[in-house]
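J.: Pasting a structure below so you can have a look.
The values are calculated or read from the model by the stated rules, or taken from the named source; none is laboratory data. The model shown is predicted, which means the values in this text are computed figures rather than measured ones. Please note: Cβ atoms are built from the backbone with ideal geometry, for glycine as well, and neighbour counts cover all protein chains shown.
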Amino acid sequence: MKVSTLLQSGKPLFSFEFFPPKTPRGEAALFRTLHELKPLKPAFVSITYGAGGSERNKTAEWAARIQNEVGLPAMAHLTCVGSTREELLARLHEYARAGVENIMALRGDPPQGAREFQPVAGGFRYAAELVALIRAEFGDRFTVAGGAYPEGHIEAVSLEADLRHLKQKVEAGLDFVVTQLFFNNALYFGFVERARRIGIQVPIVPGLMPITDLAQVRRFMDLCGASIPGPLLSRLERAQSPEEVLEIGVEHATRQAQELLEAGAPGLHLYTLNKSPATRRVMQNLQMVLR
């Protein structure tokens, strides 16, 4: 099922993100997580390309397995990292053969150890070029989503410049965008307002990560430039156990999600880290408060 078709319903869409596991044990854990979350009936689940494109060879395989073995619509990530135009085109044909109908088109982060993004010879520097390739070669064969950054991309010289890059991606053919994680809804609302002001009209789906491990979230913050509100950070730092951190994280994510949906957000994209408990609890909480 193409996500662009589902978006036309006007109903909020819920989706979950996973990364390709590296070990048999990780594979078993991911399948368990997928089956635990399947009853929540997500509109789609996305499978990443791995940091720096490290798991690129597994993305199509996992997207196909999620659709065929679990029975959930999949969105396969595709990044420009380490690939020429011809290699990206080959990957797109691989996705099509695997039955993938939805793609998250991203520039991607530099490989581990690299200080800045450098395209390979014959590759792309910007996600907009990848989106344009998909549309030129495949037309509407795929729903194409892209990334957005309420606090600005970590490499952007300004929020305005970052929005201009987003507009270029949308004009190249994006159907909708999903935001990087954020913990303060004012950032999302301000971002959407600025985007609309410059003519970006596609749906902007907020991305949320229920905090379950403060140290892990700090690493994500360093990588993507996200921030945690002071009062929330203080509560997390005072937590006496992992269970208390989970309780605080689920409570905050539930409040975020409720406010976003009540304000008209087109859905929610939850970053699961391949685990189900926090995502399940947030979704169950939402079912109770939004009845």
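J.: Determine, yes or no, whether GLU243 is under 11 Å from THR212 (Cβ atoms), charged (D, E, K, R) and either in contact with a Lys or Arg (Cβ under 9 Å, 6 or more places away or on another chain) or surrounded by fewer than 18 Cβ atoms within 10 Å (Cβ to Cβ) (or both).
T.: Details: under 11 Å from THR212 (Cβ atoms): yes; charged (D, E, K, R): yes; either in contact with a Lys or Arg (Cβ under 9 Å, 6 or more places away or on another chain) or surrounded by fewer than 18 Cβ atoms within 10 Å (Cβ to Cβ) (or both): yes.
So GLU243 passes the test.
J.: If you don't mind, there's one more thing I want to ask. Within region 108-154, which residues are among the hydroxyl-bearing types (Ser, Thr, Tyr) and either buried (at least 17 other Cβ atoms within 10 Å of the Cβ) or at positive phi (or both)?
T.: From region 108-154, those among the hydroxyl-bearing types (Ser, Thr, Tyr) are 126, 143, 149; that's our starting set.
THR143, TYR149, listed by residue number.
J.: Just to verify a result, which residue in region 70-107, among those that are of a type in the set (S, T, N, Q) and either within 17 Å of ALA172 (Cβ to Cβ) or crowded, with 22+ Cβ neighbours inside 10 Å (or both), is modelled with the highest pLDDT?
T.: In the first step, residues of region 70-107 are kept if they are of a type in the set (S, T, N, Q); the result is 79, 83-84, 102.
With either within 17 Å of ALA172 (Cβ to Cβ) or crowded, with 22+ Cβ neighbours inside 10 Å (or both) added as a condition, the list becomes 79, 83, 102.
Numbers: THR79: 94, SER83: 92, ASN102: 97.
By that ranking, first place goes to ASN102.
J.: Sort out for me the helices (runs of 4 or more DSSP H) sitting completely within region 191-291 that have 1 or more residues that are under 22 Å from ILE154 (Cβ atoms). Before the answer, list the steps.
T.: Details: elements: 214-224, 230-238, 242-262, 277-289.
Output list reads 214-224, 230-238, 242-262.
J.: So, one more: Identify the residue in region 180-205 that is in contact (Cβ under 8 Å) with a residue 60 or more places away in the chain and farther than 22 Å from VAL245 by Cβ and, among all such residues, is nearest to the chain's Cα centre (by Cα).
T.: Taking the candidates together, the pick is VAL205.
J.: Then there is this: Exactly one condition in (1) under 13 Å from GLN201 (Cα atoms); (2) within 12 Å of the chain's Cα centre (by Cα) is false for LYS167; which is it?
T.: Answer for LYS167: the failing condition is (2).
J.: Here's something else I'd like to know. What pairs come up if the first residue lies in region 80-108 and is farther than 21 Å from PHE18 by Cα and in contact (Cβ under 8 Å) with a residue 12 or more places away in the chain, the second is in a helix (DSSP H, G or I) and of a type in the set (Gly, Ala, Ser), and their beta carbons are under 7 Å apart, counting only those six or more places apart or on different chains?
T.: GLY82/GLY53
J.: So, in region 42-57, how many residues would count as being over 19 Å from VAL100 (Cβ atoms) and either at pLDDT 95 or above or among the acidic types (Asp, Glu) (or both)? Outline the logic, then answer.
T.: Of region 42-57, the ones over 19 Å from VAL100 (Cβ atoms) are 51-52, 54.
If we keep only those that are either at pLDDT 95 or above or among the acidic types (Asp, Glu) (or both) too, we end up with none.
So the count comes out to 0.
J.: May I pose another question? Go through region 164-189 and report how many residues are farther than 30 Å from ARG280 by Cβ and either surrounded by fewer than 20 Cβ atoms within 10 Å (Cβ to Cβ) or not aliphatic (A, V, I, L, M) (or both).
T.: The total comes to 7.
Yes or no, residue by residue, for (1) touching a residue at least 60 places away in the same chain (Cβ under 8 Å); (2) aliphatic (A, V, I, L, M); (3) in contact with a His (Cβ under 6 Å, 6 or more places away or on another chain):
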{"site": "THR143", "(1), (2), (3)": "yes, no, no"}
{"site": "GLU155", "(1), (2), (3)": "no, no, no"}
{"site": "ALA161", "(1), (2), (3)": "no, yes, no"}
{"site": "HIS165", "(1), (2), (3)": "no, no, no"}
{"site": "GLU171", "(1), (2), (3)": "no, no, no"}
{"site": "ARG218", "(1), (2), (3)": "no, no, no"}
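J.: A further question follows. If a residue must be small (Gly, Ala, Ser) and in contact with an Asp or Glu (Cβ under 9 Å, 6 or more places away or on another chain), how many such residues does region 200-233 contain? Even if it seems obvious, please write down each step before you answer.
T.: Narrowing region 200-233 to residues small (Gly, Ala, Ser): 207, 215, 225-227, 230.
Now narrow it down to the ones that are in contact with an Asp or Glu (Cβ under 9 Å, 6 or more places away or on another chain): 207, 225-227.
The qualifying residues number 4.
J.: What about GLY225, is it under 19 Å from the mean Cα position of the chain (by Cα) and either modelled with pLDDT of 95 or more or surrounded by fewer than 17 Cβ atoms within 10 Å (Cβ to Cβ) (or both)? So that I can check it myself, show each step before the final result.
T.: On the way: under 19 Å from the mean Cα position of the chain (by Cα): yes; either modelled with pLDDT of 95 or more or surrounded by fewer than 17 Cβ atoms within 10 Å (Cβ to Cβ) (or both): yes.
For GLY225, the condition - under 19 Å from the mean Cα position of the chain (by Cα) and either modelled with pLDDT of 95 or more or surrounded by fewer than 17 Cβ atoms within 10 Å (Cβ to Cβ) (or both) - is met.
Every residue, every condition in (1) touching a helix residue (DSSP H, G or I) at 6+ places or on another chain (Cβ under 6 Å); (2) more than 22 Å from GLN8 (Cβ to Cβ), yes or no:
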| site | (1), (2) |
| --- | --- |
| THR143 | yes, no |
| HIS153 | yes, yes |
| LYS169 | yes, no |
| GLN180 | yes, yes |
| ASP213 | no, yes |
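J.: Let me ask something else. Given the condition more than 22 Å from MET75 (Cα to Cα) and among the aliphatic types (A, V, I, L, M), answer yes or no: does some residue in region 146-154 qualify?
T.: Yes, because at least one residue in region 146-154 is more than 22 Å from MET75 (Cα to Cα) and among the aliphatic types (A, V, I, L, M).
J.: Only one of (1) in a strand (DSSP E or B); (2) more than 18 Å from the chain's Cα centre (by Cα); (3) of a type in the set (A, V, I, L, M) is not met by VAL144, so which one is it?
T.: The number of the failed condition is (2).
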